[in-house]
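For reference, the structure is listed below as structure tokens.
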Amino acid sequence: MLKREIFNLAGKFDVNLRLAADWKLWVKVLMISDIAFISEELNYFRRHSNTVRSLSVENCSFIEEELLVKKFIIDASGLVFSDEVVSQACELMKTFWFDSLFHFPNKVSVGRHIRIYRLLSSMEPTIAKQIIMQLFKRLPRLLKKPYMGSE
């Protein structure tokens, strides 16, 4: 719960984020106010195969949204983060994204891949080199897979 005044000052929810709007709102609230933690469960989180969250794994929208919130924190917080801290903060999302690039290339749109790449490259200038290193590491396994295209 929070005061309406703080909610209005924070700028409300980012309606473009289907999964991470609440996280971004809490970041914005923290930039102008304090918060307290309550360890009691105040809501329930339902999961099944047709939820937005479940479908976001297939199309990698969860990666894009998490990176958007992290980019917002870097840009709007006024804090200075070392390259190492930024890299660590993005590590899990990079791993998921690399897996989607190399193992499920047709499940994610090219546009989303480009947006994720641009987000990562704006936070980590070495992302292109990291992709090349991942390709180099995975190339022997990728070459063992049968070619699925037409001849």
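Between Ala21, Ala89, Ala36, the Gaussian network model of the chain with springs among Cα atoms under 10 angstrom shows the greatest mean-square fluctuation at Ala36. Could you tell me the calculated FRET efficiency between Phe104 and Ser39, based on Cβ-Cβ distance and R0 = 41 angstrom, to the nearest 0.05? Efficiency for this residue pair is about 0.65. Name the most mobile residue of Ser61, Ser33, Ser87, meaning the one with the largest mean-square fluctuation, in a Gaussian network model of the chain with Cα contacts below 10 Å. With Cα springs under 10 Å in the chain, the top fluctuation among Ser61, Ser33, Ser87 is at Ser33.
What pairs in Lys24/Lys137; Lys71/Lys107; Lys3/Lys94; Lys12/Lys70; Lys24/Lys129 have C-alpha atoms more than 27 Å from each other?
Table pairs above 27 Å Cα-Cα are Lys24/Lys137; Lys3/Lys94; Lys24/Lys129.
Based on every Cα atom in region 22-151, Rg and the maximum pairwise Cα distance Dmax equal 17.9, 62 Å. For Leu19, the amide hydrogen comes within under 5 Å of no other amide hydrogen, counting only partners 5 or more places away or on other chains and with H modelled in the peptide plane.
Straight-distance candidates among the aspartates and glutamates for linking to Lys28, with alpha-carbon spacing under 17 Å and chain neighbours fewer than 8 residues away dropped: Glu5, Asp14, Glu65, Glu66, Asp75. The gain in end-to-end length when the Leu30 to Ser49 segment is fully stretched comes to 3.5 nm, 0.36 nm per residue minus the alpha carbon separation.
None of the figures in this text is laboratory data; all of them are computed from the coordinates on show. These numbers were taken from a predicted model, which means no experiment stands behind them. Backbone-built Cβ (ideal geometry, glycine too); neighbour counts: all protein chains shown.
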